[in-house]
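Okay, structure first, notes after.
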Amino acid sequence: MYQRTLRVLVVDDSKLIRTLICDLLEESKDIEVVGTASNGKEAVKLARSLKPDVITLDVQMPEMDGLETLDAILSQQSIPVIMVSATTQLGGQITLEALDRGAIDYIAKPEGLKEAETTLRAELIRKIRLVADTDVKKVLGIRRERAERRKNRREKLGISHETKAVPQPVPSADVQAADKCIALGISTGGPPALTSMFEVLPTGLPPIVIVQHMPANFTKAFAGRLNSISRVNVKEAETGDILKPGHAYLAPGGLQTEVVKHGRSTGKILVRDGEYVSGHRPSADVMMTSAAGIYSDRCLGIIMTGMGRDGSDGCGAIRSAGGFVLGQDEATSDVYGMNKVAFLEGNVDRQFSLEEAATTIAAQVRRMWGAAATV
């Protein structure tokens, strides 16, 4: 069976990292490094002339940084870009901004040779293969429309860009939500999608446990970002966190996150080391299955944009336990992958568009449990 060779442009200001990435990529028979660049200006020029299938782009570079380079490349042609970021708070913040601007995926820059062997060989090669056929024009269109709607909504409410929280009177969380749980799995395209959704999520919701496929050290920055724009309190999950209404817990990268029993009818977080499940750590399947075991028919599952199939089995576990599952639709997904698999395997009860996510979730909570969740 014919398999096309994926042509990759590697951009990094470190000669060591460029060489490391190139050497590892070229071990794969289906990947060819067609060029390298040490700065943004050179990258833009090579992207235009070489027309690669995928670009790996360093986040922090002198003169023309990763964001400027990304904007310049995407303004000229639709090429899937994977950001390669240092595992620092600044690196994480810039990477999140890059995803808003149209980068398809990201990976943490290895800090040593041992980590490079595992991270680059396993993760980067896998992601290159996955993103190569992404409809970048569609993704850019979705994200730009989403950004415009957010801008219009904030202007309508009189919220400046510097304002961190939505300044609206909000109802307190309904105590009936304390013994319920929302389990959410998401991957590629997730950070901008969750940002859009959390900005308008209501109070009065049950606790939300989220698995967003992210490298270690990125999840804390992302949790802080969501917390700054949401009426829901968002934090990176830690062992011992008791699940509370009006709170969301983001699984830390590089570890498995489970929900375990706390008291008679509630749960708490257990973060542990463990094997990769469904190709991921954290895995939505692990988290969702554990939540279903604790909450049974008091669990609402949500599966959203992302590559692969992680989360489908977890959604199935929630439905088998008597819960309900919402799945993001194809039209508003950056990548209709995880949610597509769950839908086709019969593990989704109802689909929703991202624009209607907050109202759909609130309506489903009221339908299931009569919780006072209002947008």
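The values are calculated or read from the model by the stated rules, or taken from the named source; none is laboratory data. Since this is a predicted model, take the numbers as computed values, not measurements. Note that each Cβ is placed from the backbone with ideal geometry, even for glycine, and that neighbours are counted across all protein chains shown.
Observations
- Scan of region 17-70 for residues that are hydrophobic (A, V, I, L, M, F, W, C), in contact with a Ser or Thr (Cβ under 8 Å, 6 or more places away or on another chain) and outside any helix (DSSP H, G or I), ordered by number: Ile31, Leu57, Val59, Met61
- All conditions but one from (1) more than 30 Å from Asp135 (Cα to Cα); (2) not in a helix (DSSP H, G or I) apply to Arg309; the one that does not is (1).
- Every listed requirement among (1) within 25 Å of Leu226 (Cα to Cα); (2) at pLDDT below 95 is met by Leu57 save one, (2).
- All of Gly346, Gly308 fail the test of being buried (at least 19 other Cβ atoms within 10 Å of the Cβ) and over 23 Å from Ser230 (Cα atoms), apart from Gly308.
- Across region 35-63, the qualifying residues are those that are of a type in the set (A, V, I, L, M, F, W, C) and within 16 Å of Arg129 (Cβ to Cβ), and the one among them that is surrounded by the most Cβ atoms within 10 Å (Cβ to Cβ) is Ile55.
- Per-region count, region 51-79, residues touching a Leu at 6+ places or on another chain (Cβ under 6 Å) and more than 19 Å from Tyr106 (Cα to Cα): 0
- Unique match (being within 30 Å of Gly141 (Cβ to Cβ) and not polar (S, T, N, Q)) among Ala292, Ala342: Ala342
- Some residue of region 246-254 being farther than 22 Å from Arg225 by Cα and either among the charged types (D, E, K, R) or in the same structural domain as Asn227 (by TED's automatic domain parsing) (or both): no
- Filtered residue count, region 286-305, keeping only those that are touching a Lys or Arg at 6+ places or on another chain (Cβ under 9 Å), buried (at least 20 other Cβ atoms within 10 Å of the Cβ) and either farther than 20 Å from Gln364 by Cβ or not aromatic (Phe, Trp, Tyr) (or both): 6
- Pairs where the first residue, in region 224-239, is acidic (Asp, Glu) and the second is part of a helix (DSSP H, G or I) and surrounded by 16 or more Cβ atoms within 10 Å (Cβ to Cβ), C-beta under 7 Å, 6+ apart: Glu236/Thr219; Glu236/Lys220; Glu236/Ala223
- Residue within region 254-270 that is in a loop (DSSP other than H, G, I, E, B) and touching a strand residue (DSSP E or B) at 6+ places or on another chain (Cβ under 7 Å) present: yes
- Condition met for Val277 (assigned by TED's automatic domain parsing to the domain that holds Val365, farther than 19 Å from Arg367 by Cβ and touching a helix residue (DSSP H, G or I) at 6+ places or on another chain (Cβ under 7 Å)): yes
- Residues in region 336-350 that are more than 24 Å from Cys181 (Cβ to Cβ) and in a strand (DSSP E or B): Tyr336 alone.
- Matching residues in region 151-177 - criterion: being crowded, with 18+ Cβ neighbours inside 10 Å and either small (Gly, Ala, Ser) or at pLDDT 60 or above (or both): Ala173, Ala177
- Residues located in region 318-335, provided they are crowded, with 22+ Cβ neighbours inside 10 Å and not in a loop (DSSP other than H, G, I, E, B): Ile318, Val325, Leu326, Gly327, Gln328
- Pairs are defined by a Cβ separation below 7 Å, a sequence spacing of at least 6 or placement on different chains, a first member in region 191-217 that is more than 26 Å from Gly254 (Cβ to Cβ), and a second member that is buried (at least 23 other Cβ atoms within 10 Å of the Cβ) and basic (Lys, Arg); the pairs so defined are Pro206/Lys180.
- Restricting attention to region 64-77, the residues that are surrounded by 22 or more Cβ atoms within 10 Å (Cβ to Cβ) and among the aliphatic types (A, V, I, L, M) total 2.
- Candidates Val44, Val59 - the one that is of a type in the set (A, V, I, L, M, F, W, C) and in contact with a strand residue (DSSP E or B) (Cβ under 6 Å, 6 or more places away or on another chain): Val59
- Taken together, Ala216, Ala221 contain a single residue that is under 18 Å from the mean Cα position of the chain (by Cα) and either β-branched (Val, Ile, Thr) or outside any loop (DSSP other than H, G, I, E, B) (or both), which is Ala221.
- Subset of region 46-61 [over 22 Å from Arg126 (Cα atoms) and in contact with a helix residue (DSSP H, G or I) (Cβ under 9 Å, 6 or more places away or on another chain)]: Arg48, Gln60, Met61
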